[in-house]
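Data first, discussion second: the structure below is written as structure tokens.
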Amino acid sequence: MRRISSAMNNMDTQSALRLQESRLNRANNQIGSQRKIQQLRDDPISAGHLVRYQSYLGRVNTFEKNAATLTDQFSLREGYMTNSLEIMQRVRELAITGANGIYTPEDMKNMAMEVDELLKELVQNANAISSDGNSIFGGTNTKSTAFEVEMGIVAGSGVALIESVRYNGNIDTNRIEVDENKYMDLDNAGNRTFWAEQQQIFGGRDALSWQASADSVISVDGVSVSVNAGDNVHSLAAKINESGAAVRASIDPVTGGLNLETTDARQLWLSDIKGGVLNELGIIKDSSQKPPYNIGNSVRVSGGSLFDTVIAFRDALLKGDVESVGGRVLGSLDNGISNLVTRIAKSGSEYERAQLAVARNSATALNVTQQVSSEGDLDFTKAVTDMKMLDYAYQATLSNAGKMYNNTLLNYMR
């Protein structure tokens, strides 16, 4: 119940005026910010949806940016790989020419000089850096030169030439998120791109009597393989073959040693993560030596890089060894070119996938933006109409209040 008093009309009028002012102020704030929700209590359900939509929109924009960055990196990388393929095609043309057997030793030395220049260009491509100064083909070791060149005196040449090229990066990959919990692997390992043959390792130590003394973990081409205490070399070979690594393991029937072979053209990467299984088998040196040049002294290794192949071709030309040029060298060149074509195709496929991710995230961002707009944006026409109505009601309230209390002290001073 309300108490009837002389102040009741004044209090009701003042309350109505404050309420009208509050509504008018809220309408003004909405129009000024063009946002329907000024405070969470204005519409708790819509506010909750709006926060989730805005959070997801931010993630989608990040995914789109990641995918766009990947397309740039794939495009840059593919350009150097394509140029390297053109170099290898020219080297192969020279190999076919040099294998004819009709050229004099002097002619073959002249060919060798062109091959050496092509080798330098190939090394330059392999050591390419991006616009931000990162090594393109160094794996995740982007701040160092991907391939280290060693110079030396080669038989048949009076000046120092490239004697060997060693990989200085790693085989780690970067995982880039291009969608919600969906990733693309950025594999920039140069010892896979610029490799010519499947690498084979033949263990020189009899491992038939070997048995693991404790639980251990080894890394085979970047894949961890657990070894349990009591496992023998046959169990170890089976675990390597089942690990998913691009490596096949077998036991040599003659020497009893552990043999490893990559399933495609790449350099084998071996290390002991926990324990010393590979060291005990004589496959690698102790843990102080880092891959890939930690292979044990008793191990025989076959399968080289594109650089090894081109160097062997150049040296054969300098020696006038036509038989090597037309046999082993030419076959290795074909294998290297085939691997490079495969890597270019893989890079192109990754580029297309990244492009699709950019387009998908762009469309998703538009849809989410529409959801954000429907939940949080202001209907401007309705807001202006409502504000005018509130202002009209406010002015009417002031007018009525003025008429109700038009008597002042001056009315009694007569």
Round to the nearest 0.05 the FRET efficiency obtained for GLN370 and SER130 when R0 = 35 Å and r is the Cβ-Cβ distance. 0.45
Spelling out what I want: for every residue of segment 314-329, take phi, set θ = phi - 60°, compute 6.51 cos²θ - 1.76 cosθ + 1.60 (Karplus), and round to whole Hz; glycine and proline get x. 4, 5, 5, 5, 5, 8, x, 7, 5, 4, 5, 4, x, x, 4, 5
Please sort by residue number the trypsin sites (Lys or Arg not before Pro) in segment 177-265 whose DSSP state is loop and whose Cβ has at most 16 other Cβ atoms within 10 Å. ARG205
Backbone HN-Hα couplings from phi across segment 159-164 [Karplus 6.51/-1.76/1.60, Hz, Gly and Pro as x]: 10, 6, 10, 5, 9, 7
Project the alpha carbons of segment 200-302 onto their principal axes and report the range along each, largest first, in whole Å. 33, 29, 27
Could you give the distance between the Cα centres of segment 110-141 and segment 306-337, to the whole Å? 19 Å
Residues whose built amide H sits under 5 Å from the amide H of VAL247, excluding neighbours closer than 5 in sequence, are THR263
Could you list which residues have their amide H under 5 Å from that of TRP195, counting only those 5 or more apart in sequence or on another chain, with H placed in the peptide plane? LEU306
Which whole-Hz ³J(HN,Hα) couplings does segment 250-256 yield from phi under the Karplus relation 6.51 cos²θ - 1.76 cosθ + 1.60, θ = phi - 60°, glycine and proline marked x? 8, 9, 5, x, 9, 8, x
List every residue whose amide H lies under 5 Å from the amide H of ILE273, counting only residues 5 or more places away in sequence or on a different chain, with H placed 1.01 Å from N in the peptide plane. VAL217, ILE218, SER219
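Values quoted throughout were computed directly from the atomic coordinates according to the rules given, and no laboratory measurement underlies them. Bear in mind the structure is a predicted one, so any value in this text is a computation, not a measurement. Here the Cβ is made from the backbone with ideal geometry for all residues, glycine too, and neighbour counts use every protein chain on show.
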